[in-house]
Amino acid sequence: MKRSLKSLLVAGAMLAVTQTSFAAEKAKIVAAAPVAKPAPAQATIAPSLTEQAGVKTYIEGSNRMRNRGGVYLSVLGEPFGVAGVNAAWNATDFLRVHGGTVVLLEENSSGGATPHIGFGAGVKFMVPTWSFTPVVGSQFTFYPSGVWFQSENIGLEYTAPSGFYIGAGINTLFIGGAFAGGQSADTGSKALGNIAPYFNIGTFF
């Protein structure tokens, strides 16, 4: 009986040692295994308000916002005269500023025409987001020979995705001064009184 009890105690002691050794080895294996680190969260960079506004303008704006600067020829338009050449800038989708040079013909005593070179600048207002739009504008044209025109205009115009530009309408003229030769200052518009049609064609880029 004593021998059996002793054998049981020895077997229990050996089992306890075995379990302790197994636990120690398991702990070593776990400790040696690389610890998986959580992947760092990717930072989400939101576009700035300027970038957002730029995308919005490009998507929702008219073709004027894709082609903001341009040049165009104007007949009886901008600046007021027989024919003028303008540089223009679409400051916003509803506002354009322009300036240029123009020639106007004065009747002389011999029945011919004397050319006069003038300069002018003005603004035009359009409907935002409309590439084909009604326009209203105001401009001032000055001739060093002594005459000036203040004109208000209304019309229609179109700017294509390529930048091609065309427009037409009417000018209401307010005329002042006189040419050095003493002729009437309204030589360029007397056939139609103080109202004259205009036509523009050019390109924006």
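Taking the Cα atoms of the stretch 63-204 alone, what are Rg (to one decimal) and Dmax (as a whole number) in Å?
15.3, 52
Taking a ≥ b ≥ c as the square roots of the eigenvalues of the Cα gyration tensor of the stretch 64-128, is the shape rounded (a/c under 1.5), prolate (a/b larger than b/c) or oblate?
prolate
Need the full-extension length gain, Glu152 to Ile166, defined as separation in residues times 0.36 nm minus the C-alpha distance. One decimal, nm.
Working: separation 14, 0.36 × 14 = 5.04 nm, distance 1.84 nm.
Additional length available on full extension: 3.2 nm.
Give me the net charge for the shell around Pro115: Cβ to Cβ below 14 angstrom, other residues only, Lys and Arg +1, Asp and Glu -1.
Surrounding charge for Pro115 is -2.
Report the extension gain between Val136 and Val85 in nm, rounded to one decimal, defined as 0.36 nm multiplied by the number of residues separating them, less their alpha carbon distance. Write down the numbers at each step before the final one.
Working: separation 51, 0.36 × 51 = 18.36 nm, distance 1.92 nm.
Residue separation times 0.36 nm, minus the Cα-Cα distance, leaves 16.4 nm.
Check which residues have an amide H placed less than 5 Å from Asn171's amide H, if you skip close sequence neighbours.
Amide H to amide H, under 5 Å and 5 or more residues apart or across chains, Asn171 pairs with Ala196, Tyr198.
Any read-out appearing in this document is the output of simple, stated calculations on the displayed coordinates, not a laboratory observation. This one's a predicted model, so the numbers in the text were calculated from it and none came from an experiment. Methodologically, a virtual Cβ is constructed for each residue, glycine included, from the backbone with ideal geometry; neighbour enumeration extends over all protein chains shown.
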